[in-house]
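In what follows, a single structure is set out as structure tokens and then discussed.
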Amino acid sequence: MTDVRLTVPTAHTFMVARKGRTMRPGSTLPRLRYQTLDAASTAAETEAAANPGRVMIVFQEVLRAKAEADHIPAAAPSPRRPGEPGDIPPMSPGSKGGA
């Protein structure tokens, strides 16, 4: 069974994204995070001014959910038998011209 852990962040961060790009399958949230609403607002205004007609949205992080993966025990290595592929046969004494 997978356990989901919910945490409330100690510092609420803000993110800016373009409307229509945030909820498409395979998309992710913006990587840039802002510590204050003023900083996020400034970034949104700058982006909107640079791209007329584009709608920017400011998000605030209020909760995180993380699913812990189920523990899968490591497989025990199987014992090797002599003569399997990859084994190097022992060299006979004197094969290199030694005594």
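Read the figures in this text as sums done on the coordinates, not as results from a lab. Everything quoted here is computed from the prediction, not taken from an experiment. For neighbour counting, all protein chains shown are included, and Cβ atoms are generated from backbone atoms with ideal geometry for every residue, glycine included.
3J(HN,Hα) couplings calculated from phi for region 12-18 with the Karplus curve 6.51 cos²θ - 1.76 cosθ + 1.60 (θ = phi - 60°) are, in sequence order, 6, 9, 10, 10, 10, 9, 7 Hz; Gly and Pro show x. For the listed peptides 44-51, 4-11, a ranking on the average number of other beta carbons within 10 Å per residue, highest first, reads 44-51, 4-11. Computed from phi, the 3J(HN,Hα) profile of region 53-69 under the Karplus parametrisation 6.51, -1.76, 1.60 (θ = phi - 60°) reads x, 7, 9, 9, 10, 9, 9, 10, 7, 10, 7, 10, 10, 9, 8, 7, 6 Hz, with x in place of Gly and Pro.
7 Å from Cα along Cα→Cβ at both Ala50 and Leu63: what's the point-to-point distance in nm? Between Ala50 and Leu63, the simple spin-label model gives 3.4 nm.
Using the average count of surrounding beta-carbon atoms within 10 Å as a protection proxy, the listed peptides 34-43, 66-75 rank, highest first, as 34-43, 66-75.
Under 5 Å from the amide H of Met56 lie the amide H atoms of Lys19, each residue being 5 or more positions distant or on a separate chain, with H modelled from the backbone and absent for Pro and chain starts. Across every direction, the projection of the convex hull enclosing the Cα atoms of region 30-73 has a mean area of 5.0 nm².
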